[in-house]
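Since the structure comes first, as structure tokens, the remarks are kept for the end.
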Ligand SMILES: NC(=O)c1ccc[n+]([C@@H]2O[C@H](COP(=O)([O-])OP(=O)(O)OC[C@H]3O[C@@H](n4cnc5c(N)ncnc54)[C@H](OP(=O)(O)O)[C@@H]3O)[C@@H](O)[C@H]2O)c1
């Protein structure tokens, strides 16, 4: 959680009927690239758009709706004429730029981890807590990618049987570490196969033909920062600190789509058949579950889709009210860009309804 002292206090933010000018901050990154694609795919309403990134990228171009657009340097005055910014930058950059934007009456939907646990900042998954977004005070956070797919899967089970406890092991793709993470997997794998040396940009250990059971830094009693995000963010999104989460986050040599093995223990028993029905009836979830025919979600099949895929649904043999399942989602889409654009759409829809 970042300090909120630099974030100006705004008691109530009126809905804005049309975001005349929008900015994509971090437009050159892995998530920023998908945000450009999402805005075009979903025909997001706006009149003017600008693309911001670091001084390194200023003067280059990015593609949007089939045309090349200049990238501008992220500076305070870049927000002078902006109504909505969708940001996907490193935490320390978001810590600085979000207040610049808010001071200039710009609403920010932020992908970084910096503001997520600030009490003034709603943390939103539109399928779960859309109302939270509408009470924002200038900044709205989108959760960590590993959290988003897990809470989406938890939602129907929590509504039906109240989840007491979750044990989750993640298998996280290298695109979760941005453009440099994707590059590392490709170049590291080639170097490994050619028996050549390769110096990794992003990972502390080789990721090619390996697993790394650490994402983020040491945070709390043997848990990493990525793992503690799954604990705190889940409780904040559901508004329920009694949900216990025990995560283990692992980086795997898969380019895109995070996978998770999830066990949930509910207060009220939910059978496998009931769980399958609940998942199937939930918007944003697709069930792919037929073990005898070898049918279950795999990263290679889920990339490029906005859904969260669930399979391998079975009873937890080790406890009475337990369910185990496998969950895969495109971390750059629903885990990041799609969720952020859906949050922005919520505000437009709400304004239209006022
Ligand atoms: N990747 C995921 O699956 C995922 C999912 C959910 C949330 N997130 C979060 O989204 C954020 C972006 O992640 P990413 O994967 O897109 O990373 P990325 O590929 O490394 O992109 C980072 C972006 O931030 C810009 N940036 C870096 N330093 C800057 C600076 N000093 N000033 C202005 N812009 C700067 C970069 O611009 P340049 O190209 O000019 O350096 C680039 O556009 C992170 O906070 C990450 O935790 C990522």
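Couple of notes before you dig in:
- Against the list (1) part of a strand (DSSP E or B); (2) in contact with a helix residue (DSSP H, G or I) (Cβ under 8 Å, 6 or more places away or on another chain), the condition residue 89 fails is (1).
Results for (1) free of Cβ contacts under 8 Å to residues at least 40 places away in the same chain; (2) within 18 Å of residue 162 (Cβ to Cβ); (3) assigned by TED's automatic domain parsing to the domain that holds residue 88; (4) buried (at least 17 other Cβ atoms within 10 Å of the Cβ), shown as yes or no for each residue.
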{"site": "243", "(1), (2), (3), (4)": "no, yes, no, yes"}
{"site": "247", "(1), (2), (3), (4)": "no, no, no, yes"}
{"site": "283", "(1), (2), (3), (4)": "no, no, no, no"}
{"site": "286", "(1), (2), (3), (4)": "yes, no, no, yes"}
{"site": "291", "(1), (2), (3), (4)": "yes, no, no, no"}
{"site": "294", "(1), (2), (3), (4)": "yes, no, no, no"}
{"site": "301", "(1), (2), (3), (4)": "yes, no, no, no"}
{"site": "315", "(1), (2), (3), (4)": "no, yes, no, no"}
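- For the range 69-86, taking the residues that are more than 15 Å from residue 28 (Cα to Cα) and assigned to a loop (DSSP other than H, G, I, E, B), the one that is nearest to the ligand (Cβ to nearest atom) is identified as 75.
- Count of the range 152-179 residues which are under 20 Å from residue 216 (Cα atoms) and touching a helix residue (DSSP H, G or I) at 6+ places or on another chain (Cβ under 9 Å): 11
- Filter pass, residue 113 being assigned by TED's automatic domain parsing to the domain that holds residue 244, crowded, with 20+ Cβ neighbours inside 10 Å and at pLDDT 95 or above: no
- Here residue 91 meets the list (1) on the phi > 0 side of the Ramachandran plot; (2) within 8 Å of the ligand (Cβ to nearest atom) almost entirely, failing just condition (1).
- Selection within the range 33-49 - in contact with a strand residue (DSSP E or B) (Cβ under 6 Å, 6 or more places away or on another chain) and either assigned to a loop (DSSP other than H, G, I, E, B) or within 13 Å of the ligand (Cβ to nearest atom) (or both): 35, 36, 46
- Residue 66 at pLDDT 95 or above, in the same structural domain as residue 347 (by TED's automatic domain parsing), on the phi > 0 side of the Ramachandran plot and near the ligand (Cβ under 10 Å from one of its atoms): no
- Of the residues making up the range 118-129, those that are in contact with a strand residue (DSSP E or B) (Cβ under 8 Å, 6 or more places away or on another chain) and within 14 Å of the ligand (Cβ to nearest atom) are 123, 124.
- So residue 3, is it at pLDDT below 95 and not in a strand (DSSP E or B): yes
The values are calculated or read from the model by the stated rules, or taken from the named source; none is laboratory data. Remember, predicted model here, so these are calculated numbers, not experimental data. We place every Cβ from the backbone using ideal geometry, glycine too, and count neighbours over all the protein chains shown.
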